[in-house]
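Encoded as structure tokens, the structure appears first; notes follow it.
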Amino acid sequence: MIIRGRTLHPGTATGTPIRLTAPLSFWGGTDNEGRIVDAHHPQCGALLTGRILLMESGRGSSSASSVLAEQIRARTAPAAIILSRPDPIIPLGALIAAELYGLNFPVVVAPYDAIPTDALVQVTDGTITW
């Protein structure tokens with residue numbers, strides 16, 4: 001199956017999806033291992049590292065972009081993020097990681113309800129396949 005979305009930041013990644021039921025801020029919402037630590041998030045405790053993160057949008061603080069950039073550098077970030085609506089903070093974190101560390105991290109806006117969470121998914125810029 002193929003879904004074509006809008007590229008907010010280019011890159012290629014492969015991983016197993018995780019669909020969040022609520023928006024997430026990387027600042028204060030995740031730890032340095034890529035785990036959701038926000039006690040109020042419905043999926044608190046879930047590990048995002050190396051997964052294709054499916055979520056409506058980010059939540060909150062502009063500082064989340066620097067936390068995401070650092071997680072990309074440390075290889076504890078999700079493999080890619082697919083959003084259902086544009087968010088300026090998430091792609092900013094990807095842009096920072098690309099500029100500072102030379103690491104491309106795909107961020108895409110696309111309808112993701114059809115993406116199975118038990119399949120291996122590849123994100124190449126705005127194209128999502130499984």
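Picking from residues in the range 56-72 that are under 20 Å from ALA98 (Cβ atoms) and more than 14 Å from the chain's Cα centre (by Cα), the one that is modelled with the highest pLDDT is SER63. Restricting ARG4, ARG59 to residues that are touching a residue at least 12 places away in the same chain (Cβ under 8 Å), surrounded by fewer than 21 Cβ atoms within 10 Å (Cβ to Cβ), charged (D, E, K, R) and over 19 Å from ALA119 (Cβ atoms) narrows the list to ARG59. Here is the figure for the range 8-22: residues that are under 18 Å from ILE72 (Cα atoms) and part of a strand (DSSP E or B) total 8. Only residues that are modelled with pLDDT of 95 or more and assigned to a loop (DSSP other than H, G, I, E, B) were counted across the range 29-55, and they come to 18. Kindly indicate the residue of the range 31-50 that is under 14 Å from LEU68 (Cβ atoms) and either under 12 Å from the mean Cα position of the chain (by Cα) or free of Cβ contacts under 8 Å to residues at least 12 places away in the same chain (or both) and also surrounded by the most Cβ atoms within 10 Å (Cβ to Cβ) among those meeting that condition. Taking the candidates together, the pick is LEU48.
Filtered by the rule that a residue be under 16 Å from THR49 (Cβ atoms) and crowded, with 24+ Cβ neighbours inside 10 Å, the range 98-117 gives PHE105, PRO106.
The values are calculated or read from the model by the stated rules, or taken from the named source; none is laboratory data. All values derive from a computational prediction rather than experimental measurement. So basically every Cβ, Gly included, is an ideal-geometry build from the backbone, and we count neighbours across all protein chains shown.
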